[in-house]
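Presented below is the structure to which this report refers.
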Amino acid sequence: MMKLFLLLGSLNAFLSVALGAFGAHYLKQRIPDKIDVFQTGVQYHMIHAIALILIALLSDKLANSSMVNASGWAIFIGIILFSGSLYALSLTGLKIFGPITPLGGLSFLVGWILLAVAAYK
């Protein structure tokens, strides 16, 4: 799992930087009223991409690696749901994506709690 989370973290960090540049250089003029929503998605995307890289490094260091792995999956799902819904909401304006965002936030919270429990045990 270490290599998989390192790959997912690295690819998501790359994607976060690319989307941040896209937002700053292309979208800022086209969706000025929604650029803050897009940038929030980018910010949380990068923070949790780095978290995936840290989880990769911790997955073989902590005795409870199954809980560490579960935290990685929860954070990865959080990236998709939270950041993905904010990207979709800001780009399309469709309010249907709004209710998805808190599910991503909840997934982030679950991931962080699982990591804390794994560290505690």
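The values are calculated or read from the model by the stated rules, or taken from the named source; none is laboratory data. Everything numeric here is computed off the predicted structure, so don't read it as measured data. Using ideal geometry, Cβ is built from the backbone for each residue, glycine included, and neighbour counts are taken over all protein chains shown. Ligands, DNA and RNA are stripped out before the accessible areas are found, and what is left, the full protein with its side chains, is counted by its heavy atoms. Shrake-Rupley method; radii C 1.70, N 1.55, O 1.52, S 1.80 Å.
Observations on the structure shown:
- Between Phe14, Phe108, Phe76, the distinction of being surrounded by fewer than 16 Cβ atoms within 10 Å (Cβ to Cβ), modelled with pLDDT of 95 or more, out of contact with any Ser or Thr (no Cβ under 7 Å at 6 or more places or on another chain) and of a type in the set (Phe, Trp, Tyr) belongs to Phe14 only.
- Test for Leu7: is it closer than 21 Å to Ala116 by Cβ, out of contact with any helix residue (DSSP H, G or I) (no Cβ under 6 Å at 6 or more places or on another chain) and modelled with pLDDT of 95 or more: no
- Asp33 satisfies every condition listed in (1) open to solvent by 90 Å² or more (accessible area, probe 1.4 Å); (2) assigned to a helix (DSSP H, G or I) except (2).
- Subset of segment 111-121 [open to solvent by 20 Å² or more (accessible area, probe 1.4 Å) and either part of a helix (DSSP H, G or I) or modelled with pLDDT of 95 or more (or both)]: Trp112, Ile113, Leu114, Leu115, Ala116, Val117, Ala119, Tyr120
- Only one of the listed residues (Ser85, Ser90) is touching a Ser or Thr at 6+ places or on another chain (Cβ under 8 Å), crowded, with 21+ Cβ neighbours inside 10 Å and farther than 18 Å from Gly9 by Cα. That residue is Ser85.
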